[in-house]
Amino acid sequence: MWGLMGPLSAQTDSFFIFGNWRDTFRVAMSNPIYPSGGLDSRRSYLGGQPVVIQGYRAGMDLGPVGAYVGYYHCPYTRVDSQSEYRYRYLSLSLDYRLHQSWRWQLWSTAQVGFGGYKQQDLQGQVLQQGRLLPVEASVLASVRFARYFGVTGGLGARIAGGTYFSGPIYTYGFKIYGSTLWNDLKKECPECIPRALRTNGQ
């Protein structure tokens, strides 16, 4: 479930679609930085069996671009070999906004991870273990149905050579628009925000 309570992302009336990526990153670096994060789980298939890859991520949202660090884990049981797999990894991900308006968003995500996997029998004895280097790419969309809330979904693929961890991914979930909430909080209750986080230092 991608972005359940996240990502907490910036919302403007900007529009970006397949433009010059250098210009996009230049615009991003001139934008205010918003904290962003939340649950970042997704669904997939391993050996024809549906699984959930549970994840959490945190980082920065710069408008058309977002950068994140995440942690993910996935248990998987292979019935044919009577064994269980445990996949765990850290990842770096980059979001690139293709389109953004107040109600709609469309963006792509590229993710590179590093971790490990362990195979054990049903009694818990370790059979083998090794490194895990998953690479993911996906396209996601979201629609806002209230000022702070929306829904999101997407499709993509994951490659992890030498393991059973490669496969398609699909996501859907609930989204909180964190920057809208943050801006409203600064306007309506500035004393609720720690002094160090106030942009004007007041």
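The values are calculated or read from the model by the stated rules, or taken from the named source; none is laboratory data. Nothing here was measured: the structure is a model prediction, and the numbers come from that model. Heads up, the Cβs are rebuilt from the backbone with ideal geometry, glycines too, and the neighbour counts pull from every protein chain shown.
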Handout entry: Residue check for residue 50: surrounded by fewer than 16 Cβ atoms within 10 Å (Cβ to Cβ), of a type outside the set (Ser, Thr, Tyr), in a strand (DSSP E or B) and at pLDDT below 90
Key = no
Practice task
Return the residue satisfying two criteria in turn: it lies in the stretch 118-151 and is of a type in the set (S, T, N, Q) and surrounded by 12 or more Cβ atoms within 10 Å (Cβ to Cβ), and of such residues it is farthest from residue 65 (Cα to Cα).
Solution key: 120
Handout entry: Which listed residue, of 63, 55, 38, is crowded, with 20+ Cβ neighbours inside 10 Å and not in a strand (DSSP E or B)
Key = 63
Practice task
Just give me the residues in the stretch 36-85 being farther than 21 Å from residue 173 by Cα and acidic (Asp, Glu), in sequence order.
Solution key: 80, 84
Practice task
Among the residues of the stretch 86-117, count how many are among the β-branched types (Val, Ile, Thr) and surrounded by 18 or more Cβ atoms within 10 Å (Cβ to Cβ).
Solution key: 1
